[in-house]
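The values are calculated or read from the model by the stated rules, or taken from the named source; none is laboratory data. All figures in this text were calculated on a predicted structure; none of them were measured in a lab. Cβ coordinates were reconstructed from backbone atoms using ideal geometry, including for glycine residues, and neighbour counts include every protein chain displayed.
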């Protein structure tokens, strides 16, 4: 017994190849969509964790609980803050620059408290620059190792803090904003 195998018509092979190509493209698009969804979900989980930490910190402040100090990479913690604030930074036409000390800058501190203070400085700066019509809206977040410790600076091209309010910005519930709660910088021990 002899079996004959006949090759498919060339046009049938092309069609099958197109189906494979189409399927591959569809798979890549689906994979990219899942990757984006996974990244978005991770971002949401991070935001929820940060919100929980802020709520806990406010409760601790009300109870006068001690800070939760740990060894942390200051540059990495500040990079997270900039990433969290990216939407509002872009929406307000602000150009942000990070100028960090080289390498890891290890410090002992309360990560959540530090990030909350810097986040509030960043948000206040972005809001203040929104009031300025002329010139560029520039935000600089920097770290520097000094002889006496570490310096974190948040500088902006906004109008600055009114001198009559400077002494009170770290007080609990003190605010100059109509809808402010006064909890921003009060979460820090100045």
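Can you say whether residue 40 is outside any loop (DSSP other than H, G, I, E, B), assigned by TED's automatic domain parsing to the domain that holds residue 146 and at pLDDT 70 or above, as far as the supplied structure shows?
Against the criterion (outside any loop (DSSP other than H, G, I, E, B), assigned by TED's automatic domain parsing to the domain that holds residue 146 and at pLDDT 70 or above), residue 40 does not qualify.
Residue by residue, here is whether (1) over 24 Å from residue 175 (Cα atoms); (2) buried (at least 19 other Cβ atoms within 10 Å of the Cβ); (3) at pLDDT below 90 holds:
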{"site": "50", "(1), (2), (3)": "no, no, yes"}
{"site": "53", "(1), (2), (3)": "no, no, yes"}
{"site": "57", "(1), (2), (3)": "no, yes, yes"}
{"site": "142", "(1), (2), (3)": "yes, no, no"}
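If I filter region 128-148 down to residues being out of contact with any helix residue (DSSP H, G or I) (no Cβ under 7 Å at 6 or more places or on another chain) and touching a residue at least 40 places away in the same chain (Cβ under 8 Å), which single residue comes out as farthest from residue 75 (Cα to Cα)?
Of the residues in region 128-148, the ones out of contact with any helix residue (DSSP H, G or I) (no Cβ under 7 Å at 6 or more places or on another chain) are 128-136, 138, 140, 142, 144-148.
Filter once more, keeping what is touching a residue at least 40 places away in the same chain (Cβ under 8 Å): 136, 138, 140, 142, 144-145.
Working: 136: 25, 138: 19, 140: 13, 142: 9, 144: 10, 145: 11 Å.
Ranking the candidates gives 136 first.
With respect to residue 85, is the statement that it is surrounded by 15 or more Cβ atoms within 10 Å (Cβ to Cβ), under 12 Å from residue 126 (Cβ atoms) and touching a helix residue (DSSP H, G or I) at 6+ places or on another chain (Cβ under 6 Å) true?
So residue 85 fits the description; yes.
Every residue, every condition in (1) at pLDDT below 85; (2) over 23 Å from the mean Cα position of the chain (by Cα); (3) assigned by TED's automatic domain parsing to the domain that holds residue 97, yes or no:
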site: 122; (1), (2), (3): no, no, yes
site: 125; (1), (2), (3): no, no, yes
site: 134; (1), (2), (3): yes, yes, yes
site: 138; (1), (2), (3): no, no, yes
site: 150; (1), (2), (3): no, no, yes
site: 164; (1), (2), (3): no, yes, yes
site: 168; (1), (2), (3): yes, yes, yes
site: 171; (1), (2), (3): yes, yes, yes
site: 176; (1), (2), (3): yes, yes, yes
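Out of 118, 81, which single residue is closer than 24 Å to residue 174 by Cα and either in contact with a strand residue (DSSP E or B) (Cβ under 7 Å, 6 or more places away or on another chain) or not assigned by TED's automatic domain parsing to the domain that holds residue 170 (or both)?
118
Can you name the number of the only condition in (1) out of contact with any helix residue (DSSP H, G or I) (no Cβ under 6 Å at 6 or more places or on another chain); (2) at pLDDT below 90; (3) surrounded by 20 or more Cβ atoms within 10 Å (Cβ to Cβ) that residue 116 fails?
Of the numbered conditions (1) out of contact with any helix residue (DSSP H, G or I) (no Cβ under 6 Å at 6 or more places or on another chain); (2) at pLDDT below 90; (3) surrounded by 20 or more Cβ atoms within 10 Å (Cβ to Cβ), the odd one out for residue 116 is (1).
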